[in-house]
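The values are calculated or read from the model by the stated rules, or taken from the named source; none is laboratory data. All figures in this text were calculated on a predicted structure; none of them were measured in a lab. Virtual Cβ from ideal backbone geometry, glycine too; neighbours counted across all protein chains shown. Each accessible area value is taken on the protein alone, full model and side chains, heavy atoms only, with ligands, DNA and RNA left out. Shrake-Rupley method; radii C 1.70, N 1.55, O 1.52, S 1.80 Å.
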Amino acid sequence: MADTVAREPEECEPVSLMQEYKQTGNIAVRNQLVMHYSYIAKTVASQMRGIFTNFAQQEDIVNQGILALMDCMERFDPGKGIRFESYAFMRVRGAVIDFVRKQDWLPRRVRLTAKSMAQVHDQLCNELLREPTQQEIADRMNISMQTLSQYYSEISNSVMFSFEELLQNTNQMGDALESSMGSGAGPEGNLFREELRETLKQAIDALSERERLVVTLYYYEHLKLSDIAAVMKVTEQRVSQINSRAIAKLREPMEKYMKG
């Protein structure tokens with residue numbers, strides 16, 4: 001009983017500090033809050049390390065998270081009845097996503113190649129009134145079939161990265177919220193996980209039939225692009241185009257939700 005009584009003031013302190021900071025704007029109070037909630041930045045950095053390991057240290061991501069926490073404290077409105085932890089967790093993840101995007105993880109050459117391949121494909125479709133073969137695409141681009149296959153692989157890997165990021169955000173946000181905040185976050189963590197999954201489900205449902213088919217076969221059935229192309233009776237390049245368009249459509253509503 002004594003232990004429970006002793007913990008209650010400490011558990012209430014962040015709420016009181018937040019109210020004080022909102023009333024006074026005292027930097028010292030803000031720093032106390034940052035120290036208390038720093039675990040959010042550390043948790044996000046740990047959960048998302050697979051996304052940024054190629055170009056940033058975990059410490060860099062934690063620092064980005066701390067900056068986002070400070071911004072959260074400025075924007076947070078206690079009167080809305082939302083827990084600061086929940087609000088901050090979403091915005092910190094959104095800040096990390098923005099940071100990753102600014103690092104331009106996808107090489108410019110791959111972007112230009114994907115654009116060029118799409119243009120060639122569309123030109124040949126208009127000229128031939130059918131789906132062009134891979135050989136026809138390679139001939140028009142003056143490259144070998146081996147080089148064309150390499151381009152497909154690079155573009156597919158970049159798109160795969162994007163979708164894996166979406167899946168990671170969906171599956172891990174609720175888990176991270178629960179694990180970082182202990183037993184008190186159970187219902188809230190479950191709520192966020194369900195909301196995220198529902199958001200992703202609605203985004204997938206909004207795709208065209210062909211886009212949903214490619215997403216299902218590639219990411220859930222784990223078929224290769226060549227196998228999907230055979231099923232759909234189109235070229236691998238066309239499958240890659242459909243895949244890229246589908247992921248672009250999925251990312252918009254998901255990132256909008258993640259950023260609150």
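Can you confirm whether the stretch 111-131 contains a residue that is at pLDDT 60 or above, within 33 Å of the chain's Cα centre (by Cα), hydroxyl-bearing (Ser, Thr, Tyr) and more than 28 Å from His222 (Cβ to Cβ)?
Scanning the stretch 111-131 turns up at least one residue that is at pLDDT 60 or above, within 33 Å of the chain's Cα centre (by Cα), hydroxyl-bearing (Ser, Thr, Tyr) and more than 28 Å from His222 (Cβ to Cβ).
Quick one: count up the residues across the stretch 194-247 that are of a type in the set (S, T, N, Q), open to solvent by 30 Å² or more (accessible area, probe 1.4 Å) and not in a helix (DSSP H, G or I).
Looking only at that region, the number is 1.
Would you mind stating whether Thr24 is buried (at least 19 other Cβ atoms within 10 Å of the Cβ) and of a type in the set (S, T, N, Q)?
On the way: buried (at least 19 other Cβ atoms within 10 Å of the Cβ): no; of a type in the set (S, T, N, Q): yes.
Taking the combined requirement at face value, the residue does not satisfy it.
Can you tell me which residue is farthest from Arg93 (Cα to Cα) among those in the stretch 248-260 that are part of a helix (DSSP H, G or I), of a type in the set (Lys, Arg) and in contact (Cβ under 8 Å) with a residue 40 or more places away in the chain? Show your work before the answer.
Just the residues of the stretch 248-260 that are part of a helix (DSSP H, G or I), to begin with: 248-258.
If we keep only those that are of a type in the set (Lys, Arg) as well, we get 249, 251, 256.
If we keep only those that are in contact (Cβ under 8 Å) with a residue 40 or more places away in the chain as well, we get 249, 251.
Values: Lys249: 20, Arg251: 14 Å.
Result: Lys249.
I'd like the full set of residues that are open to solvent by less than 90 Å² (accessible area, probe 1.4 Å) and charged (D, E, K, R), limited to the stretch 126-138. Working first, answer last.
Step one: of the stretch 126-138, the residues open to solvent by less than 90 Å² (accessible area, probe 1.4 Å) are 128, 131-138.
Glu131, Glu136, listed by residue number.
When you scan the stretch 1-103 for helices (runs of 4 or more DSSP H) that lie fully inside it, which ones turn up with 3 or more residues that are modelled with pLDDT under 90 and among the small types (Gly, Ala, Ser)? Walk me through how you get there before you give the answer.
Values: elements: 2-24, 27-47, 49-52, 58-75, 84-102.
Answer list for the stretch 1-103: 2-24, 84-102.
Would you confirm, using the coordinates I've provided, whether Glu252 is out of contact with any Phe, Trp or Tyr (no Cβ under 6 Å at 6 or more places or on another chain), at pLDDT 90 or above, at negative phi and not hydrophobic (A, V, I, L, M, F, W, C)?
no
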